[in-house]
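Okay, structure first, notes after.
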Amino acid sequence: MATSSQRFDRSTNHFINRIGLTVVYVGELLRHRAYTRFLHWAYGIFFFLALLSGFGIYMPWIFRWFTPLFGGGAMTRMLHPWFGLGFVFFFGLQAFNWAAAMKWGQGDTRWMKRLRDYVTNRDTIEPPDVGFFNGGQKLMFWEIVGGSIAYVITGVIMWFPEIFGRIAVAISYVIHDISALIMLAGIFIHIYLSTIGEPGTMQAMTRGTVSEAWAWTHHPAWYKQVTGRDPAEALAEARRTQARSSGDQSNQ
Ligand code: HEM
């Protein structure tokens with residue numbers, strides 16, 4: 001039986017998908033519906049608000065100029081935990097939404113072993129068993145799940161120091177900050193890959209669609225699942241078409 005949070009997730013999912021438009025043009029595939037995009041940008045905004053206010057409070061000697069953005073030091077201190085809770089709330093809903101797609105498989109372990117090839121761009125297309133998300137995306141997702149749990153526990157301890165005592169608060173500071181730094185490093189890589197690193201990816205979180213070529217290049221097993229076509233054959237066909245059109249141009 002569905003729990004009340006699952007029921008809430010399902011009804012907001014239907015509501016936002018009904019009001020949010022996703023247009024899929026010829027040559028494109030549906031990647032993320034409006035609900036997924038809404039959650040992504042909601043926790044993305046809260047993440048950066050929590051990050052900037054956090055830096056302003058905990059490293060004032062470097063980031064003092066962040067606190068006026070939030071109405072001064074005291075206000076920033078008051079707002080930071082609420083920004084953090086906003087982030088965890090929306091990311092929690094996304095975690096429900098993506099839990100099945102993020103399930104770790106043997107293909108993901110294989111993907112991690114060839115991380116060097118991925119980073120150095122050795123292959124033009126991903127291995128044929130890469131589905132909706134690759135191993136790196138899943139690793140980042142589960143790191144954020146773990147980090148969010150750590151934020152909530154350590155954040156509450158630091159929020160109410162009089163209840164938890166000095167030692168618990170001191171340990172919480174260290175865990176909270178390490179967790180923030182790990183997540184920040186992951187998010188930098190994530191933003192790079194979603195924008196200039198892999199052109200065509202950003203559209204997945206704006207319009208909700210990707211080109212078929214993007215799908216067979218980065219997620220061949222997902223491409224095969226949704227189109228029923230062979231990604232290697234689609235690539236070969238695209239290369240033949242490209243060769244034909246450059247041949248035509250050189251004959252003109
Ligand atoms: C300017 C900032 C950001 C941009 C441009 C961006 C862009 C994107 C895009 C395009 C995708 C879809 C990738 C796909 O379908 O394969 C995505 C997915 C995702 N985003 Fe972001 N994002 C940003 C910030 C964030 C933040 C702050 C978080 C969390 C703290 C986050 C967490 C995720 C996760 C977990 C996924 C799914 C896994 C993945 O694709 O890596 N994103 N993002």
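Computed from the coordinates by the stated procedures, all read-outs in this text should not be read as laboratory data. No experiment lies behind these values; they were computed from the predicted model shown. A quick note on method: Cβ atoms are made from the backbone with ideal geometry, for glycine too, and the neighbour counts reach across all protein chains shown.
Ratio of alpha-carbon Rg to the 2.2 N^0.38 Å globular estimate for the chain, to two decimals, please.
So the Cα radius of gyration is 1.21 times the expected 2.2 N^0.38 Å.
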* To do: Could you state, as a whole-number percent, how many of the C-alpha pairs of segment 103-222 are farther apart than 23 Å?
  => 44
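Between Val26 and Thr3, what is the FRET efficiency for a Förster distance of 41 Å, r being their Cβ-Cβ separation, to the nearest 0.05? Each step should come with its number before you reach the end.
Working: r = 41 Å, r/R0 = 0.99.
Working from the Cβ atoms, E equals 0.50.
Which helices pass in the chain if a helix is a full DSSP H run, must span at least 15 angstrom along its long axis by Cα, and must have mean Kyte-Doolittle hydropathy not below -1.0?
Numbers: long enough: 4-19 (23 Å, -1.20); 34-58 (35 Å, 1.14); 73-98 (37 Å, 0.75); 135-159 (35 Å, 1.01); 166-192 (39 Å, 1.66); 231-251 (30 Å, -1.28).
Within the chain the helices that satisfy the rule are 34-58, 73-98, 135-159, 166-192.
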* Structure fact -> For 202-211, 61-70, ranked highest to lowest by mean beta-carbon neighbours within 10 Å, the order is 202-211, 61-70
* **Using a Förster distance of 22 Å, the FRET efficiency for Ser250-Ile196 (Cβ separation, nearest 0.05)** => 0.10
* Asked: Where the centroid of each part is defined by its Cα atoms, how far is segment 155-178 from segment 59-95 in Å?
  -> 17
